[in-house]
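The values are calculated or read from the model by the stated rules, or taken from the named source; none is laboratory data. Quick caveat: nothing in here was measured; it's all calculated off a predicted structure. Every residue, glycine among them, receives a Cβ derived from its backbone with ideal geometry; neighbour counts consider all protein chains shown. Accessible surface areas use protein heavy atoms only, side chains included; no ligands, DNA or RNA. Shrake-Rupley method; radii C 1.70, N 1.55, O 1.52, S 1.80 Å.
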Amino acid sequence: MKIIKTVEDVRKIVREWKKEGLSIGLVPTMGYLHEGHQSLIKKAREGNDRVVVSVFVNPKQFGENEDFDSYPRDIERDSKICEEAGVDVIFNPEIAEMYDKFFSSFVNMDTLPNGLCGKSRPIHFKGVCTVVCKLFNIVCPDRAYFGQKDAQQLAIIKRMVSDLNFDIQIIGCPIVREEDGLAKSSRNTYLNDEERSAAVVLSRSLKIGKELIENGEKNAEKVISAIKSEINKEKLAKIDYVEIVDMNRLRGVDNIDGPILAAIAVYIGKTRLIDNFII
Ligand code: PAF
């Protein structure tokens with residue numbers, strides 16, 4: 001496995017692979033890999049001749065008061081995980097390699113980024129689309145793998161790929177959870193013991209909402225209220241949003257009569273966590 005720091009060196013190796021007719025799977029990450037990432041890498045390994053994992057904490061997707069500086073980083077640990085998972089290349093650029101001092105082109109999308117996480121993180125998806133677009137142009141993968149935990153991100157990237165005619169298949173992979181239900185996330189490392197126990201309220205409240213729908217509840221507001229009331233029982237939890245939206249436009253629905261995404265963002269202490277289900 002190679003760890004590559006420059007765009008030029010990735011391009012060289014990608015050119016060789018393409019000449020040999022090999023397919024490439026890309027797993028974009030911000031590092032501090034966990035079992036969620038490992039499941040994406042496994043899928044990429046199964047479906048492609050070569051696998052590239054990018055490890056880059058992208059400053060353009062963090063707002064001013066967000067956790068860019070404290071975001072966990074450990075490239076040695078990530079390298080071991082990737083090596084064991086059969087990754088061919090880790091692309092781990094410095095910030096200046098991705099954004100030189102004159103950098104001024106961004107990928108901005110209408111509508112989809114406005115709701116859900118975009119409300120409290122207004123520049124987030126502009127930064128995500130920009131860096132993912134750059135990674136696609138650098139690695140030229142046949143397939144790229146993203147977790148369903150970031151459901152809005154996945155929907156936005158699928159839209160971007162379609163809108164901008166990237167010849168790349170986007171593969172969404174299921175949420176991976178801890179035994180008690182908490183969705184795996186690099187941000188779980190911020191939680192102290194008390195917060196870690198409290199964080200289970202995200203998956204617990206969603207389970208209640210999902211069961212209501214499975215038992216025939218069609219009124220979105222009733223399901224949202226049930227989820228909120230479960231979260232509010234937890235004193236360390238503060239709701240950012242609880243929403244039920246349609247899968248295509250990510251707009252709130254009144255009636256649940258087609259495929260929907262139920263998505264939540266909740267602060268546990270200072271840590272903002274997200275979770276969701278699709279039904
Ligand atoms: O999901 C993430 O880790 C990031 O948003 C991504 C897709 C790697 C872009 O920086």
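Overview of values
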read-out	value
Stretchable slack from residue 84 to residue 69, in nm (0.36 nm times residue separation minus alpha-carbon distance)	2.6 nm
Charge tally in the Cβ shell below 10 Å around residue 218, where Lys, Arg are +1 and Asp, Glu are -1, residue 218 excluded	-2
Estimated distance in nm for a label pair at residue 104 and residue 34, the labels positioned 7 Å out from Cα along Cα-to-Cβ	4.0 nm
Signed unit charges on C-beta, dipole axis of the chain, positive-most listed residue 102, 144, 61	102
FRET efficiency estimate (nearest 0.05) - Cβ-Cβ, residue 228 to residue 171, R0 22 angstrom	0.10
Under 22 Å from residue 12, Cα to Cα: lysines that are on another chain or at least 8 residues apart	2, 134
Accessible-area order (highest first, 1.4 angstrom probe) of the listed residues 189, 6	189, 6
Largest to smallest principal axis extent of the C-alpha atoms in the chain, angstrom	56, 40, 39
Relative contact order %, the chain, counting alpha carbon pairs below 8 Å whose residues are six or more apart	17 percent
Three-way shape call for segment 232-276 based on the alpha-carbon gyration tensor, with the a/c threshold at 1.5	prolate
Segment 206-261: C-alpha pair distances exceeding 13 Å, %	59 percent
Whole-Å distance, taken between Cα centres, linking segment 142-160 and segment 1-34	19 Å
Flagged links, alpha-carbon separation over 23 Å, of 158/218; 158/207; 19/60; 43/184; 80/126; 233/270	158/218; 158/207; 19/60; 80/126
Cross-link partners of residue 42 among aspartates and glutamates (Cα-Cα below 17 Å; sequence separation of 8 or more within a chain)	78, 83, 84, 88, 142
Per residue convex hull volume, Cα atoms of segment 65-200, in Å³	156 Å³
